[in-house]
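Below is one structure, written out as structure tokens; comments come after it.
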There are 2 protein chains.
Amino acid sequence: MKLYGMNRAPNPRRVTIFLAEKGIPIEIEEVNVAEGGNRTPEYLAVNPRGLIPALVLDDGTVIDESIAICRYFETLHPEPNLMGRDAKEAGVIECWQRRIEFDGLATIASVYRNTQPLFANRAQPGGGPDTAQIAELAERGRILLPGFFTMLNDRLGESAYVAGDRYTIADITAIIAIDFARWIKVRIPEDHTNTLRWHAEVTDRPSYAAG
Amino acid sequence: MKLYGMNRAPNPRRVTIFLAEKGIPIEIEEVNVAEGGNRTPEYLAVNPRGLIPALVLDDGTVIDESIAICRYFETLHPEPNLMGRDAKEAGVIECWQRRIEFDGLATIASVYRNTQPLFANRAQPGGGPDTAQIAELAERGRILLPGFFTMLNDRLGESAYVAGDRYTIADITAIIAIDFARWIKVRIPEDHTNTLRWHAEVTDRPSYAAG
């Protein structure tokens, strides 16, 4: 088994924190996306989509979506549980994971990838055709982001963690989204006391230091 | 329990086909997105994100992501299995589901929502702030889509179904993506014989008629 990733990159960090919570040690093969390491013939031979993280199983199967990699390990090692023990938990956790991923993480990524000079001709992540940056898409992201932060703060006013009364994968995605937001100079609003309370707690866990 | 959806809309259809495969009957409360029914005060009181489908459990819990709704029913009724029976299956199926969703469905949606006059000031789905259409985003989608169709055809050259040797939720997302592509006048390329072979088969299942 081999896990390709990149130190500090948002999606690989989801897997790293997840594995730290599970207590599963795994070495990471570094792919430097900033330097285009995900678009080299060598890496595209491993993962044609050119995305990280990517988990290659011993039989050669490639799993190159961070949440699918987490699902693989969750099914192998259900405890400590991060993706739900029964139908309601599984549905609610996956729902919050996706809300945070789409309204938060993906929106932040759209601002970053469409403004950062490093990605001038590869605004779309992965190994596909060149794509120009779109300034209006970054502007749209900045219009949408306050709604994400409000949703998160409201939610954390009614429950201790994002998906309920315990730490789950939805918290991991939210942690990563909030760290990623700093790359576009967006921080948790000062009056979002619920989010700030939660954030202090989840970033104090040993798994955060691991990711 | 109440399920809000919309006849013929891509994401609600994922749930409808999924439930038909499971043999779970459920009535759908129609929300007409074309007429802005998802942005009325009444619907936003049910689902503040303004998205469909949304499943409201008897205790009031709202699950408003189609794949999370499917996960809820999969956990309640694991057979016929559509999301994986062991770690490798669960990881591979979720990986393919997400590949098809992001590279296919979301890309097609970005073309549609950013060109269709009906969505002129609400290019971003849901109940959030108004968002203008971005022509360049639709153009980017058209640049990326051939890669999605090639990935799908290559994959279906090596396995009977999208995620392996049996029908799963990854096939459902692919069916919906291909139908949605017709809305932007994109069809399976004539020389993609693997995809055409698979498509004839999966659209012949009773679940397709149900969705």
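The values are calculated or read from the model by the stated rules, or taken from the named source; none is laboratory data. Remember, predicted model here, so these are calculated numbers, not experimental data. Neighbour counts run over all protein chains shown; Cβ positions are idealised from the backbone, glycine included. Areas reflect the complete protein model, heavy atoms only, side chains present, ligands, DNA and RNA absent. Shrake-Rupley method; radii C 1.70, N 1.55, O 1.52, S 1.80 Å.
Just one of the numbered conditions (1) crowded, with 21+ Cβ neighbours inside 10 Å; (2) over 24 Å from residue B:132 (Cα atoms); (3) small (Gly, Ala, Ser); (4) more than 13 Å from every other protein chain (Cβ to nearest Cβ) is not true of residue A:181: (2).
Might you check whether a residue that is in contact with a strand residue (DSSP E or B) (Cβ under 6 Å, 6 or more places away or on another chain) and aromatic (Phe, Trp, Tyr) occurs anywhere in the range A:165-179? Yes, the conditions are met somewhere in the range A:165-179.
On inspection, residue B:99 passes the criterion of being of a type in the set (D, E, K, R), out of contact with any Pro (no Cβ under 8 Å at 6 or more places or on another chain) and under 30 Å from residue B:186 (Cα atoms).
Please verify whether residue B:56 is open to solvent by 20 Å² or more (accessible area, probe 1.4 Å), more than 9 Å from every other protein chain (Cβ to nearest Cβ) and within 20 Å of the chain's Cα centre (by Cα), treating the condition exactly as stated. Criteria met by residue B:56. For the range B:89-96, does any single residue satisfy the condition of being of a type in the set (Asp, Glu), over 27 Å from residue B:148 (Cβ atoms) and surrounded by fewer than 23 Cβ atoms within 10 Å (Cβ to Cβ)? No, the range B:89-96 contains no residue that is of a type in the set (Asp, Glu), over 27 Å from residue B:148 (Cβ atoms) and surrounded by fewer than 23 Cβ atoms within 10 Å (Cβ to Cβ).
Inspect the range A:26-41 for any residue being crowded, with 23+ Cβ neighbours inside 10 Å, within 14 Å of chain B (Cβ to nearest Cβ) and of a type outside the set (Lys, Arg) and give the result as yes or no. Looking through the range A:26-41, none of the residues is crowded, with 23+ Cβ neighbours inside 10 Å, within 14 Å of chain B (Cβ to nearest Cβ) and of a type outside the set (Lys, Arg). Restricted to the range A:130-173, and to residues there that are more than 10 Å from every other protein chain (Cβ to nearest Cβ) and of a type in the set (D, E, K, R), the residue that is nearest to residue B:48 (Cα to Cα) is A:155.
The set of residues in the range A:41-58 being among the β-branched types (Val, Ile, Thr) and either more than 19 Å from residue A:16 (Cβ to Cβ) or not in a strand (DSSP E or B) (or both) consists of A:46, A:52. Restricting attention to the range B:129-152, which residues are closer than 12 Å to residue B:100 by Cα and open to solvent by less than 20 Å² (accessible area, probe 1.4 Å)? Passing the criteria: B:145, B:148, B:149, B:152. Across the range A:184-195, the number of residues qualifying as open to solvent by 30 Å² or more (accessible area, probe 1.4 Å) and touching a Pro at 6+ places or on another chain (Cβ under 9 Å) comes to 1.
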